[in-house]
Amino acid sequence: MVLAAESGLRLDLDLFDYLILILYFATVLGVGFAARRAIKTSADFFLSGRSLPAWVTGLAFVSANLGALEILGMAANGAQYGLLTLHYYWIGAVPAMVFLGIVMMPFYYGSKVRSVPEFLKRRFNKPTHIFNAISFAVAQVLIAGVNLFALALILDALLGWELWVSILVGAAIVLTYITIGGLSSAIYNEVLQFFVILAGLIPLTIVGLVKVGGIDGLFDAVRSGPLGDAALHTWSNTGSSADNPLGANWIGILFGLGFVLSFGYWTTNFAEVQRALSAKDMNAARRTPIIAAFPKLLIPAVTVIPGLIAVITVKGLGADEGDLTYNNAIPLLMRDLLPNGVLGIAVTGLLASFMAGMAANVSGFNTVFTYDIWQAYIKKGRSDEYYLRIGRYATIGGVVIGIGTAFIASGYGNIMEYIQQLFSLFNAPLFATFIVGMFWKRMTPWAGFWSLVLGFLASLALYVAYLTDAIAFNSALEQSFWGAGVAFVTAVIIAVAVTFFTPSKPDDELRGLVYGLGGTSDGTAIVSGEKVWWRNPVLLGTIAVVLAIALYIPVW
Amino acid sequence: MAENNDQVDQKKLSAAARLFDVRRVIGGLFVVYGVIVTLIGLFDSQAEIDKAEGVRINLWMGIGMLVLGLLFLLWLRLNPPKPPDPSDLGTDDDRPPAH
């Protein structure tokens with residue numbers, strides 16, 4: 001029996017572990033019912049009535065990104081690429097989050113839009129709006145399905161639940177708490193999940209480090225292992241892409257990851273931006289992504305480090321398939337190191353983060369579907385109660401379609417990676433369109449539309465060429481850097497070119513949407529002062545960036 | 001859209017929303033988790049301690065979670081959710097009305 005347990009991923013949960021798990025689900029559902037009391041209008045449902053404090057929206061912001069796919073994936077990258085994975089947390093996140101808070105949030109929050117597509121409608125035109133709203137809605141539902149499928153896979157591996165049981169149970173819980181509690185309940189659960197997942201990862205890291213003899217012992221073991229010394233540096237071996245395990249050079253890291261991919265993801269992804277839009281005032285909205293940057297700086301300590309520990313302690317890790325793939329680094333460590341009790345917490349944290357990831361997608365979807373598709377083009381001018389009801393139906397529809405895509409996903413081996421990549425590429429042209437449109441008031445409505453469409457098609461073409469082996473890359477990762485770069489450059493060129501042939505919008509229609517044109521609520525807040533220093537977005541943002549740079553020094 | 005009505009609604013709502021504070025949820029859950037895991041930690045068998053490389057991880061994490069939970073409840077106690085008051089509304093100028 002011991003041998004059977006050793007050979008698989010199966011965890012030996014006892015009564016108390018299940019008690020911990022059940023308590024969590026009960027709390028999540030309770031939050032949904034409690035949040036319901038606070039919902040009277042559609043704005044309450046979709047934007048939490050714009051009433052939340054910055055620390056709540058900030059933690060929800062980081063948590064919406066801290067889905068289980070991200071946690072397992074980053075531990076896998078840690079095992080595979082070593083400390084180079086830190087780039088995803090530092091240069092690949094912090095500057096973009098700070099930029100969103102300091103520069104872009106005044107336009108988002110100040111223009112009173114309720115979604116990212118709605119911003120595009122005001123800045124450009126309806127075709128741009130429709131294209132973005134529909135592609136976002138489809139992407140969110142697909143990713144929700146992938147999250148659901150991944151949740152089912154992990155429940156099957158760890159607890160031996162049948163796939164369909166896990167998919168239905170997971171979907172039912174998310175459906176219940178989002179349908180009744182709306183965004184408030186999604187956000188509250190994200191904050192709760194943030195602490196639970198940390199409570200699961202911290203003991204894993206502590207026990208793992210004890211096992212390998214502390215950080216020094218870990219680094220010594222990695223240095224003399226197959227990864228070698230190159231895996232313990234972040235920049236010093238990136239002069240050429242051949243010298244480091246990541247297979248990327250510093251230009252790719254700086255511009256591909258640090259600029260296009262990262263800014264594209266963090267600044268235009270509505271599932272993230274929505275958290276900030278639900279903040280109680282402009283200052284809280286601006287601090288949302290900046291507050292989120294601080295935990296983001298430290299999270300690799302409990303994802304990348306466990307990945308490295310797994311490489312040292314789990315024999316045979318890195319198999320192409322089966323239980324010993326890199327993706328299972330964290331579940332394997334849980335099996336080997338955690339006694340019942342904290343094991344229950346860790347399993348709960350993992351399940352919670354899958355559900356939070358899915359909930360973020362679903363709550364982004366229902367907002368865009370209701371405001372940007374239904375209210376804008378299908379049934380205009382109905383009562384607010386009507387749209388609140390549509391929002392609840394959209395949630396049900398989104399989850400049901402998500403279940404469908406989860407079952408489709410279960411038919412493929414590696415679809416998660418592909419879908420994630422496909423839709424992260426979606427954001428690169430969007431970011432280009434945004435950044436040009438926000439800083440160049442002459443950019444025309446049709447320039448917005450064509451730069452978005454052609455930028456997307458350019459990245460799609462490169463992706464298809466990669467899939468069909470027409471163009472070779474060292475890794476899927478390298479392809480994603482290039483795809484983002486190509487999409488970005490294409491979108492910028494098209495934006496400029498089309499602008500010269502089509503009419504601009506008058507300045508009056510662009511107030512509050514474009515840099516340099518003050519709006520009704522006045523976008524001048526970019527350098528706004530705040531009485532207390534710890535509420536000043538610019539100062540907090542600067543501290544976050546300086547910390548990111550300082551953290552690089554010991555692992556240069 | 002009747003913005004004025006919405007704004008009245010919004011005031012009422014914010015009050016309702018504040019009655020339900022996420023700190024109470026986090027604090028409550030972590031106190032319960034802390035107690036459960038601490039108790040498990042106190043009665044851990046040698047095999048379980050050995051599994052965690054000799055670290056009494058249940059005991060330490062249990063106490064840690066209990067403290068975190070109590071800190072959230074303490075924060076709630078010291079700085080309770082309050083109905084909208086002038087100092088809160090002062091920052092409302094730049095808040096967009098609900099749509």
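Things to note:
- Separation in nanometres of the label points that stand 7 Å from Cα toward Cβ, at A:V210 and A:D469: 5.0 nm
- Å² per residue, accessible surface of the range A:238-383 at 1.4 Å: 26 Å²
- Summed over both chains, the area buried between B and A is near 4000 Å², taken from the accessible surface of protein heavy atoms with a 1.4 Å probe.
- Protein accessible area in chain A, 1.4 Å probe - carbon and sulfur %: 67 percent
- Within-14-Å neighbourhood charge of A:L452 [Cβ basis; K, R +1; D, E -1]: +3
- Computed from point charges on the beta carbon alone (+1 for Lys and Arg, -1 for Asp and Glu), the dipole magnitude for the protein assembly as shown about its Cα centre is near 2080 Debye.
- Restraint check, A:K40/A:K380; A:K296/A:K379; A:K296/A:K441; A:K296/A:K380, Cα-Cα greater than 29 Å: A:K296/A:K379; A:K296/A:K441; A:K296/A:K380
- Residue order for B:L42, A:L19, A:L261 - accessible surface, 1.4 angstrom probe, largest first: B:L42, A:L19, A:L261
- Among the residues of A:31-39, the average count of other protein chain beta-carbon atoms within 10 Å of the residue beta-carbon is 3.
- Counting Cβ atoms of other protein chains within 10 Å of each residue's Cβ and taking the mean over peptide A:64-72 gives 0.
- For the range A:189-277, the square roots of the Cα gyration tensor eigenvalues, ordered a ≥ b ≥ c, give a/c of at least 1.5 with a/b no greater than b/c, which places it in the oblate category.
- Length available on full extension from A:V532 to A:A550: 0.36 nm per residue minus the Cα-Cα distance, which gives 4.0 nm.
- Among the trypsin sites (Lys or Arg not before Pro) in the range A:32-76, those located in a DSSP loop and surrounded by at most 15 other Cβ atoms within 10 Å of their own Cβ are A:R37.
- Nearest-ten-degree value, helix A:304-313 long axis tilted from longest Cα axis of chain A: 20 degrees
- Relative contact order, percent, chain A [alpha-carbon distance under 8 Å, six or more residues apart]: 29 percent
- Whether the range A:157-209 is rounded, prolate or oblate, judged on the alpha carbon gyration tensor where a/c under 1.5 counts as rounded: oblate
- Interface residues, the range A:183-217 - accessible area loss of 50 Å² or more versus chain alone, probe 1.4 Å: A:Y188, A:L192, A:F195, A:V207
- Seen from every direction in turn and averaged, the convex hull around the alpha carbons of the protein assembly as shown projects onto 27.4 nm².
- Average other protein chain Cβ within 10 Å of Cβ, residues B:33-41: 5
The values are calculated or read from the model by the stated rules, or taken from the named source; none is laboratory data. Quick caveat: nothing in here was measured; it's all calculated off a predicted structure. A quick note on method: Cβ atoms are made from the backbone with ideal geometry, for glycine too, and the neighbour counts reach across all protein chains shown. When the accessible area is computed, the model is the full protein with side chains, heavy atoms only, and any ligands, DNA or RNA have been set aside. Shrake-Rupley method; radii C 1.70, N 1.55, O 1.52, S 1.80 Å.
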